[in-house]
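Reviewing the structure listed below.
The values are calculated or read from the model by the stated rules, or taken from the named source; none is laboratory data. In this text the structure is predicted, and so the values were computed from the model without any measurement. Cβ placement follows ideal geometry from the backbone for every residue including glycine, while neighbour counts extend to all protein chains displayed.
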Amino acid sequence: MDSNQEVNLRVLVTFKARPEDKEIITSILSKHAEVHFIDELSAEQLERLLPEVDVILTGSGLDLTQEILRDTRNLKLIQTLSAGADYIPFHSLPEKVLVCTNAGANAIAVAEHVWAMILAAAKKIIYHDQNMRKGIWKRRDYGFVLQNKTMGIIGLGNVGQSVARIAKAFGMRVFAINRSGVADVNVDFIGTPDKLDIVLQNSDVVVVAVPLTKYTRGMIGKRELNLMKSTAILVNVSRGEVIDQKALYEHLRDNPNFVACLDVWWRYPSKDLEPAYQDYPFHELPNVIMTPHIAGFAPEIRDRVLIAALENIIKYIRGEKPKNVVDRSDYL
């Protein structure tokens, strides 16, 4: 496209952008397209604009209303800020609309969080912290050493690869699963999803980092949990629905030396002040470490994530192939 054609394109930002977000978006995109923020438009302005929108920049897809999708007849690209596409309403999208995720933009932050949880579990940090606050001294309740143990990674994408590199620095063996069965990082075993049992059976720590698709939903259930070591650590930074909630709760309840580190959930409060309890009382179990889906968020990461999404939009505008194009058959 030449520069005049680029500027004629219209981009609609549908997530709740902060003033500093808007400044970054405008400074990067304004040379390439006409930028509109949905929260600055009246109902009448939005109605007139929607048929002319070429690109939507969404948070995760939850802000894509039926009205928006019905009226954006010229829509060509949806770019998410999130790494996943599980909230995108593919059933309502024409096949001509490309969907791109922002996979990899926050991988370092997520990987660091994974390791914070692994170390907290392996060294019993929370257990000892709680005891010390009560004046209880239990030096003989040791954690374990990670060196020479086996790390299992389910999903060797951007996050999985970052986790694997750190595992190697700890002197761990790394067993991994991805769709291709080919690894771009140093691992000791790589397999396709049909080799999942091998990874589960051999791993001391298992990290789940797959996108939520029709293929991965419920991929870890009662059978898979029973394959794992009774002393294993299971970390989920994927989506809650990848693991069967009931099966995991019962496994944790019945296997006190098995630890789950969960940053993603099955049920989310609609507001911060609402209770965040799940369908089963995980909060009552001592062998669960819980965080409120914060692995991918940090002050240093926010701008990086936003810029990565904007750069991908510019690639599309320039006629280049954008990154992280979603295969909609994974969701339909």
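Looking for something assigned to a helix (DSSP H, G or I) and touching a residue at least 12 places away in the same chain (Cβ under 8 Å) - is there at least one such residue anywhere in segment 170-190?
no
Going through Pro19, Pro51 one at a time, which residue ends up being free of Cβ contacts under 8 Å to residues at least 60 places away in the same chain and either surrounded by 16 or more Cβ atoms within 10 Å (Cβ to Cβ) or closer than 26 Å to Lys96 by Cβ (or both)? Talk me through it step by step, then tell me what you get.
Details: Pro19 fails: either surrounded by 16 or more Cβ atoms within 10 Å (Cβ to Cβ) or closer than 26 Å to Lys96 by Cβ (or both).
Result of the check over Pro19, Pro51: Pro51.
Looking at Glu112, Glu95, which is the one that is outside any helix (DSSP H, G or I) and either of a type outside the set (A, V, I, L, M, F, W, C) or within 21 Å of the chain's Cα centre (by Cα) (or both)?
Answer to the check: Glu95.
Can you say whether Met117 is touching a strand residue (DSSP E or B) at 6+ places or on another chain (Cβ under 8 Å), under 15 Å from Cys261 (Cα atoms) and part of a strand (DSSP E or B), as far as the supplied structure shows?
For Met117, the condition - touching a strand residue (DSSP E or B) at 6+ places or on another chain (Cβ under 8 Å), under 15 Å from Cys261 (Cα atoms) and part of a strand (DSSP E or B) - is not met.
Could you say whether any residue in segment 291-313 is under 30 Å from Met228 (Cα atoms), in a helix (DSSP H, G or I) and not acidic (Asp, Glu)?
No, segment 291-313 has no match at all.
Scan segment 42-52 and give yes if some residue there is under 27 Å from Ile294 (Cβ atoms) and either at pLDDT 95 or above or not assigned by TED's automatic domain parsing to the domain that holds Ala167 (or both), otherwise no.
No; the residues of segment 42-52 include none that is under 27 Å from Ile294 (Cβ atoms) and either at pLDDT 95 or above or not assigned by TED's automatic domain parsing to the domain that holds Ala167 (or both).
Which one of the conditions (1) loosely packed, with under 13 Cβ neighbours inside 10 Å; (2) in the same structural domain as Ile190 (by TED's automatic domain parsing); (3) in a loop (DSSP other than H, G, I, E, B) does Leu156 fail to meet, given that it meets all the rest?
Single failed check for Leu156: (1).
Just to be sure before I move on: is Ile56 assigned to a helix (DSSP H, G or I), among the β-branched types (Val, Ile, Thr) and out of contact with any His (no Cβ under 9 Å at 6 or more places or on another chain) in the structure I sent?
Values: assigned to a helix (DSSP H, G or I): no; among the β-branched types (Val, Ile, Thr): yes; out of contact with any His (no Cβ under 9 Å at 6 or more places or on another chain): yes.
No, not satisfied.
Taking only segment 219-235 into account, find how many residues are surrounded by 14 or more Cβ atoms within 10 Å (Cβ to Cβ), of a type outside the set (A, V, I, L, M, F, W, C) and in contact with a helix residue (DSSP H, G or I) (Cβ under 7 Å, 6 or more places away or on another chain).
Our first condition is that a residue be surrounded by 14 or more Cβ atoms within 10 Å (Cβ to Cβ); within segment 219-235, this holds for 219-221, 224-225, 227-229, 232-235.
Then keep just the ones that are of a type outside the set (A, V, I, L, M, F, W, C); that gives 221, 224, 229.
If we keep only those that are in contact with a helix residue (DSSP H, G or I) (Cβ under 7 Å, 6 or more places away or on another chain) too, we end up with 221, 224.
Within segment 219-235, residues that are surrounded by 14 or more Cβ atoms within 10 Å (Cβ to Cβ), of a type outside the set (A, V, I, L, M, F, W, C) and in contact with a helix residue (DSSP H, G or I) (Cβ under 7 Å, 6 or more places away or on another chain) number 2.
Take the residues in segment 200-218 that are polar (S, T, N, Q) and either in contact with a Ser or Thr (Cβ under 8 Å, 6 or more places away or on another chain) or touching a residue at least 40 places away in the same chain (Cβ under 8 Å) (or both); name whichever of them is surrounded by the fewest Cβ atoms within 10 Å (Cβ to Cβ).
First, the residues of segment 200-218 that are polar (S, T, N, Q): 201-203, 213, 216.
Next cut, either in contact with a Ser or Thr (Cβ under 8 Å, 6 or more places away or on another chain) or touching a residue at least 40 places away in the same chain (Cβ under 8 Å) (or both) only: 202-203, 213, 216.
Numbers: Asn202: 17, Ser203: 26, Thr213: 19, Thr216: 21.
Across segment 200-218, the extreme among qualifying residues is Asn202.
Yes or no: segment 60-72 includes at least one residue that is of a type in the set (S, T, N, Q) and surrounded by fewer than 18 Cβ atoms within 10 Å (Cβ to Cβ).
For segment 60-72, residues of a type in the set (S, T, N, Q) and surrounded by fewer than 18 Cβ atoms within 10 Å (Cβ to Cβ): present.
For Pro286, all conditions in the list (1) outside the structural domain of Leu234 (by TED's automatic domain parsing); (2) touching a residue at least 40 places away in the same chain (Cβ under 8 Å) hold save one; what is the number of the exception?
Of (1) outside the structural domain of Leu234 (by TED's automatic domain parsing); (2) touching a residue at least 40 places away in the same chain (Cβ under 8 Å), only one is false for Pro286: (1).
Say whether the condition of being farther than 24 Å from Ile78 by Cα, without any contact (Cβ under 8 Å) to a residue 12 or more places away in the chain, charged (D, E, K, R) and surrounded by fewer than 20 Cβ atoms within 10 Å (Cβ to Cβ) is met by at least one residue in segment 304-318.
No: segment 304-318 contains no residue that is farther than 24 Å from Ile78 by Cα, without any contact (Cβ under 8 Å) to a residue 12 or more places away in the chain, charged (D, E, K, R) and surrounded by fewer than 20 Cβ atoms within 10 Å (Cβ to Cβ).
Restricting attention to segment 277-290, report how many residues are surrounded by 14 or more Cβ atoms within 10 Å (Cβ to Cβ), assigned to a loop (DSSP other than H, G, I, E, B) and either at pLDDT below 95 or aromatic (Phe, Trp, Tyr) (or both).
Residues that pass the stated criteria total 1.
Could you tell me which of the residues Leu225, Leu252, Leu273, Leu248 is free of Cβ contacts under 8 Å to residues at least 12 places away in the same chain and out of contact with any Asp or Glu (no Cβ under 6 Å at 6 or more places or on another chain)? Quick ask: steps written out before the conclusion?
Numbers: Leu225 fails: free of Cβ contacts under 8 Å to residues at least 12 places away in the same chain; Leu252 fails: free of Cβ contacts under 8 Å to residues at least 12 places away in the same chain; Leu248 fails: free of Cβ contacts under 8 Å to residues at least 12 places away in the same chain.
After applying the criteria, what remains is Leu273.
Residue check, Met1 against (1) in a helix (DSSP H, G or I); (2) modelled with pLDDT under 95, all met but one. Which one?
That leaves (1) as the condition not met.
State yes or no: is Met151 closer than 30 Å to Glu300 by Cα, aliphatic (A, V, I, L, M) and assigned by TED's automatic domain parsing to the domain that holds Phe258? Give the steps one after another, and end with the answer.
Working: closer than 30 Å to Glu300 by Cα: yes; aliphatic (A, V, I, L, M): yes; assigned by TED's automatic domain parsing to the domain that holds Phe258: yes.
Yes; evaluated as a whole, the condition is true for this residue.
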